[in-house]
Every structure is written in C-alpha cells, then in structure tokens.
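Structure first, commentary second.
Every read-out reported here was derived from the displayed coordinates using simple, explicitly stated rules and does not represent laboratory data. Source: prediction; values computed, not measured. Because the Cβ atoms are built from the backbone with ideal geometry, glycine has one as well, and the counts that use them run over all protein chains shown.
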Amino acid sequence: MSDNSGLKPAKILSIANQKGGVGKTTTAINLGTALAAVGKRVLLMDLDPQGNASTGLGIDPSKRSMTMYDVLVDQTPINEAIIRTNVPNLFLMPSSVDLSSADVELVDDQRRVLRLRGALEELSTFEDEFDYVLIDCPPSLNLLTLNALAASQSVIVPLQAEFFALEGLSQLMLTIREVRQSLNAILKIEGIVLTMFDGRNNLSLQVEQDVRENLGDLVYKTVVPRNVRLSEAPSFGMPAILYDHKSRGSIAYQKLAAEFLRRENRRVAEAT
Ligand code: ADP
Ligand code: MG
C-alpha cells in the first residue's frame, strides 16, 4: 500500500467464519464501535449481501446510494461509497443485495479475487485516514470472502461455543493457508473470539477448554456471553454499546477491544 501522506496506513482485518449465525456481524459492529469509542478511526465494510451490518448501524437500504457492489463490480472509488454512522469515528461501506451476483458478474476478470485489495489501495490517499478497516464477511468461503482475505493483514474468527465449532474452523484454517500461499503471504490469524458463551452450560465450558487447548494464545481471553441486548440492538439500528452500554454483551466487546489493542501494542514493542 502506498503511503504518501506520512500517516500510517490502515490495518485491514477480515471478520470471517463460513458458518452463519456465529456472531461475525455482531462482532464487526460492536468491536468497531468499541474501537471508535477509544478514538480509533474505523471503517466497517459490509461484505455480506444480506447487509446486516448496514441495517444494524441504522443505514436502511434507501440510504445506500453507493455500495460495496459499485466498488467491486463498477470500480467506483471507495471514498464515494463511505458513509458516516451515528457513532463518531465509525464509518460504513454499506452492502446491498446485488452483491450476491458479484461472482457471476466478475467471472471474466482473471484478477477478480484481487478487486477489493485494489479498491482499498486508494484508502491511503483518502483524506479521512483510518486506523482500522473491519470487513464483515458473508457466511461462506466464496469470492467475496476470498476478496476480503486477499486484502487483509489478518483475520478475526468468531467461534460459537458449540459442539462442532472446531470442525468448521479447520476448513477456514485451510482456506487461510491457501490464500497465504497464493494471494497474500502476510495474512495472519489475529485472534479467535468465543461468542454466545453460556457459563452455566457444561458444553460451553467444554468447548472453551478444547478450543484453548488446541489454539492456545490465538484465542482471546475475553469471551462474549450470550446476551439478549446484543441481539436486540440491531433492530433499533444501534450498536449494543450505544443501546445499553452497561449490558454484559457491551462490556465484553469493550474488553475485547482493549485486549485487541494490547496485543497490537505488544506486537509493535516486540518488533522494535
Ligand atoms: P453472523 O454474522 O456470523 O451470521 P450474527 O452476528 O448476525 O452472526 O449473529 C447471529 C444472531 O445471533 C443475530 O440475531 C445476533 O443478534 C445474535 N447474536 C450474536 N451474538 C450474540 C450474543 N453474544 N448473544 C446473543 N445473541 C447474539
Ligand atoms: Mg453476518
């Protein structure tokens, strides 16, 4: 990424898991909000044709004039599609249903998997510099997700604390390894976050133990509990952190943001 402004380029992270309903969008919205709340400038890219992140931030389809579709398919400059949200420092690149046909429309482009990376290269010259770009991926390992992985420095994987959690993860790990070999050598796993955790449920506890034994330090210490406020907030078009900042779910995402930033600082310290 060219950096002619003297500012640090944004760190680009995919929030991915090919399973639906594991908390990707909830994590994108609330981690993004928590980072914005401590002064980081965050761009949330909604890469799911369902547009849940866009709706959850109160941007309904009528307000989405330019979307991720225009950026990927028509190569509309990225800054024309970015919109402000009600959260200071949090910006959104909205999605729309036509994104679901992007793979068909791009079929003749040999470099279709690098479309998003190309689009993001403009960000470094965009007047509003971002600290983080969070890409909310669709629930599949399709062209859209591959575009996200090819454009990212790292991946955050939300993992629902349930029986088959680890099985689904191996498929994702394999894809990440393939992307690293063919498209994006620097791609890392940023961290794995357990979501919808129920501490009274033995299965949740067993899954947590398994996941920590298998994946060690990749797993965030912070665990996101199952919390009804997290599921109610999107219908009000608000991050849970605004809807009810004292709820257990909101507190967990604020802790996750702090842990994410601590890890980042540690990495910088180790590299210098
Ligand atoms: P994904 O983006 O992976 O499909 P979502 O973030 O949309 O998953 O979550 C799926 C559903 O579960 C949504 O209705 C969401 O509101 C709800 N949900 C997500 N995380 C939690 C949680 N920690 N507690 C309770 N409900 C949650
Ligand atoms: Mg989602």
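Summary of values
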{"quantity": "Cα Rg, Dmax (largest Cα-Cα span) when computed across region 1-126, Å", "calculated": "14.5, 43"}
{"quantity": "Positive-end extreme of charge dipole, the chain - chosen from P139, A161, V113 (charges on Cβ)", "calculated": "A161"}
{"quantity": "Helical mean residue ellipticity (222 nm; -39500 (n - 2.57) per DSSP H run of 4+; nearest 500) of the chain", "calculated": "-11500 deg cm²/dmol"}
{"quantity": "Using a Förster distance of 22 Å, the FRET efficiency for L166-N201 (Cβ separation, nearest 0.05)", "calculated": "0.85"}
{"quantity": "Calculated P(r) of region 199-241 - Cα pairs past 13 Å, %", "calculated": "64"}
{"quantity": "Pairwise FRET efficiency - A269 versus K11, Cβ, R0 = 25 Å, nearest 0.05", "calculated": "0.95"}
{"quantity": "Separation of the D108 and N214 label points, Cα + 7 Å toward Cβ, nm", "calculated": "4.4"}
{"quantity": "Volume in Å³ per residue [convex hull over Cα atoms, computed for region 125-215]", "calculated": "122"}
{"quantity": "Rough spin-label spacing in nm, given labels placed 7 Å along Cα→Cβ, for E80 and S100", "calculated": "2.6"}
{"quantity": "Cβ-based exposure ranking for D131, D46, D103, in which fewest neighbours within 10 Å come first", "calculated": "D103, D131, D46"}
{"quantity": "Cα gyration tensor shape for region 1-71, rounded if a/c is under 1.5, else prolate or oblate", "calculated": "prolate"}
{"quantity": "Rh by Kirkwood over Cα pairs, then Stokes-Einstein D for the chain at 1.567 mPa s and 4 °C, µm²/s", "calculated": "69"}
{"quantity": "For L194, distant residues with modelled amide H under 5 Å away", "calculated": "L159, Y220, V224"}
{"quantity": "Rounded to 5, the percent of DSSP beta bridges in the chain classed as antiparallel", "calculated": "5"}
{"quantity": "Global form of region 208-272, assessed from the alpha-carbon gyration tensor, a/c cut-off 1.5", "calculated": "oblate"}
